[in-house]
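Enquirer: Sharing a structure with you now.
Values in this text are rule-based calculations from the coordinates and carry no lab data. Predicted model only: the values in this text are computed from it and were never measured. Here Cβ is always computed from backbone atoms with ideal geometry, including for glycine, and neighbour counts include all displayed protein chains.
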Amino acid sequence: MEGAFAWLSQIIEALLQFIPQRVIVKATERGVKWSLWREPREMKPGFRIWWPLISAIEVGVVARQPMNTPTQSLETKDGQEVVAGGVIIFSINDAVKAWGKDNWSPEATAGDITQAAIVHVVAQWNHDDLLKNISGKVEDQLTEKCRKDLRKFGIYPARVALTDFCSTRSLNHSGVKIEVNTGEV
């Protein structure tokens, strides 16, 4: 019976394309609207009307968002093996860049760039110096690196820090890598 009325559903959906739709953009959100013959535009908070026939919208959270990154096996400047993971606290400061032109998922982009920044920064430090400066200079370097790299995607990192960090030893047996934690720091 469901398949017998599928054609009716398709007709209704087609007709709805000619009727303006409403969307409410909350204070913690922004939207991007794509219209025929125009560049994408930001939709600010409030009650908005859009025409599905000639436009499309995307609404997403721009408020502060924390995100943990997975731990990674890394090596410090002096050859010490470590496992490190971090957190990025970010917000969206340009919705058009974040969803409209240059990017598909701000969350995935923030995570990828943060993981790469952790590798970059940890590799520049000797193990002992890294431990002494982990919540000072290291955090500042991580934050600045992420700010620089995420600016072009409309993402503003308020803070980037290491949350997981410990020394480790990797053993490679028959192509299988085994990590042994030697103590959490």
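Enquirer: For n ≥ 4 DSSP H runs only, could you compute -39500 (n - 2.57) per run for the chain, divide by its residues and tell me the 222 nm figure to the nearest 500?
Expert: Details: 4 runs with 48 residues, N = 185.
Theoretical 222 nm ellipticity from helices: -8000 deg cm²/dmol.
Enquirer: OK, next. According to the square roots a ≥ b ≥ c of the eigenvalues of the Cα gyration tensor, what is the shape class of the range 3-61, taking rounded for a/c under 1.5, prolate for a/b larger than b/c otherwise, and oblate for the remainder?
Expert: Prolate.
Enquirer: Compute the long axis of helix 6-16 from its Cα atoms, compare it with the longest principal axis of the Cα atoms of the chain, and write down the angle in degrees, 0 to 90, nearest 10.
Expert: Helix 6-16 and the main axis of the chain meet at about 90 degrees.
Enquirer: Expressed as an acute angle from 0 to 90° and rounded to the nearest 10, what is the orientation of the C-alpha long axis of helix 137-150 relative to the principal long axis of the chain?
Expert: 30 degrees
Enquirer: Still on this structure, please answer the following. Please work out whether the range 103-175 counts as rounded, prolate or oblate from its C-alpha gyration tensor, where a ≥ b ≥ c are the square roots of the eigenvalues and a/c under 1.5 means rounded, while otherwise a/b larger than b/c means prolate and anything else oblate? Show your work: numbers first, answer last.
Expert: Numbers: a/c = 2.84, a/b = 1.40, b/c = 2.03.
It is oblate, given that a/c is not under 1.5 and a/b is not larger than b/c.
Enquirer: Any idea how far the Cα center of the range 117-152 sits from the one of the range 15-37, in Å?
Expert: What the calculation gives is 40 Å, centre to centre.
Enquirer: While we're here: Relative contact order of the chain: what whole-number percent is it, with Cα pairs under 8 angstrom and at least 6 residues apart? Before the final figure, lay out each step's value.
Expert: Values: 345 pairs, mean separation 34.6, N = 185.
Relative contact order for the chain comes out at 19 percent.
Enquirer: Ok, one more. With label points built 7 Å along Cα→Cβ from the Cα atoms of MET67 and LYS44, find their separation and express it in nm.
Expert: Result: 2.7 nm between the two label points.
Enquirer: Okay, next question. For the chain, what is the convex hull volume of the alpha-carbon atoms per residue, in Å³? Before the final figure, lay out each step's value.
Expert: Values: hull volume 35.8 nm³, N = 185.
Spread over its residues, the Cα hull of the chain gives 193 Å³ apiece.
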